[in-house]
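The values are calculated or read from the model by the stated rules, or taken from the named source; none is laboratory data. Since this is a predicted model, take the numbers as computed values, not measurements. Here the Cβ is made from the backbone with ideal geometry for all residues, glycine too, and neighbour counts use every protein chain on show. Accessible surface areas use protein heavy atoms only, side chains included; no ligands, DNA or RNA. Shrake-Rupley method; radii C 1.70, N 1.55, O 1.52, S 1.80 Å.
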Amino acid sequence: RPKLPQYNSIDDAVRLLRESRNIIVLTGAGISTSLGIPDFRSKDTGLYSKLEHLGLSDPQEVFDISVFREDPKIFFSIAKDILPTEKKWSPTHGFIRLLQDKGKLLTNYTQNIDNIEANAGVLPEKIVQCHGSFATATCVKCKFKVTGDEIFGEIKEGNVPECTACKKVIAEDSLKSQGLKRKRSSNGQQKDRKVSDDSSDEDDYEIPTPGVMKPDITFFGEDLPDEFGERLIHQDREKADLVIVIGTSLKVAPVAEVPGILPRNVPQIYISRTPVSHTDFDIDLLGDCDVVVSELSRRAGWDLKHHMIPDD
Ligand code: OAD
């Protein structure tokens, strides 16, 4: 994507902010690090730099769906460290809320799974959670859904949360069979028999186990929520008049492709500690994102502080 030559400085960024009416804000883990939540790829502090003990060939496997299916314990051993906790938010989340209050926020596409945008009062209809979130969880076996809170206790303990609906069915089935267990006979037919009759056959009997509750975050190998592509291509692509990318290394497709998908005449601003080399932005504002958005707001004459006060 060739740069638009008319935009360079921080004052250009301020002018764009003031003039734009339909801003796409694309965010990543960097907007939550000031709250003590690690990002993924920062050297020494990112989550992926701290996973050596898991013995994975690539730390990203912790979010790989096939690894999860094989051994969910790996994911749940680190899930407590990335679980959303208190109702707090950073000045950068406050900035997104400020854009919403000013009627300028088209959509916040967030890769974050911490739900912190909602804490700052960004409305659900303004957010696309590209990589899902911890807000709900689904049983891998029977697809029973629960709200995230229902399994947070287990996750915090480092346990693998199990499906209560599966457990109920298993309990009812075992009651129904009244002590009888089903097993396959040598001719392939099923028959009912008392376990105690022949304990040497015990190995043939498969004990039913409840499914694991998987938080509805998008793992590598899973599709992004439909809303991502639908809204971006069919709604926002034509409407957007400014793109602000904040706190993401843009290493993960398809979100990394968003800047390239948008029309060339739409200016794009990048705010992060680390520059990206694979995409050209019109204005790079490198540094701590909370500091950058505070300065942008100050220069625009906007009161960012006001929006840090919780609603509830
Ligand atoms: P990364 O860790 O890859 O990138 C975070 C970026 O934010 C880096 O460029 C940091 O330099 C920058 N950063 C960190 N703290 C900052 C701060 N206070 N101010 C400014 N910049 C800061 O995280 P993401 O790009 O969000 O996916 O990662 C994308 C996806 O990869 C995640 O959604 C996750 C991960 O694997 C899944 O788990 C499916």
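Sort the following peptides by mean Cβ neighbour count (other Cβ atoms within 10 Å, averaged over residues), highest first: 118-129, 236-247.
Values: 118-129: 18.5, 236-247: 20.4.
With the highest mean Cβ count within 10 Å placed first, the list reads 236-247, 118-129.
Based solely on its DSSP helices, what 222 nm [θ] is calculated for the chain when runs of n ≥ 4 H residues each add -39,500 (n - 2.57) and the sum is averaged over all residues, nearest 500 deg cm²/dmol? Let's see the in-between values first.
Numbers: 10 runs with 85 residues, N = 312.
That calculation yields -7500 deg cm²/dmol at 222 nm.
Computed over the Cα atoms, what is the radius of gyration of the range 232-284 divided by 2.2 N^0.38 Å, N being its residue count?
1.09
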How large is the accessible surface per residue of the chain, computed with a 1.4 Å probe and reported in Å² as a whole number?
53
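To the nearest 0.05, what FRET efficiency results for Glu52 and Asp223 with a Förster distance of 25 Å applied to their C-beta separation? Before the final figure, lay out each step's value.
Values: r = 30 Å, r/R0 = 1.20.
Result of the calculation: an efficiency of 0.25.
How much of the accessible area of the chain, probe 1.4 Å, is carbon plus sulfur, in whole percent?
Details: 8010 of 16410 Å².
Taking all protein chains in place, the chain shows 49 percent carbon and sulfur surface.
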The range 17-73 and the range 82-158: distance between their alpha carbon centers, rounded to Å
14
Directionally averaged projected area (convex hull, Cα atoms, the range 10-110), nm²:
8.5
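Within the range 17-68, which trypsin sites (Lys or Arg not before Pro) sit in a loop by DSSP and count at most 13 neighbouring Cβ atoms inside 10 Å? Mind showing how you got there, number by number?
Details: sites: Arg18, Arg21, Arg41, Lys43, Lys50; in loops: Arg21, Arg41, Lys43.
Those satisfying the criteria are Arg21, Lys43.
Please give me the summed charge of the neighbours of Ser272: other residues whose Cβ is under 11 Å from its Cβ, Lys and Arg +1, Asp and Glu -1.
Taking every Cβ under 11 Å from that of Ser272, the sum is -2.
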Net charge (Lys, Arg +1; Asp, Glu -1) of residues whose beta-carbon lies under 13 Å from that of Phe144, Phe144 excluded, is +3
Rounded to whole Å and sorted largest first, list the principal axis extents of the Cα atoms in the chain.
84, 41, 39
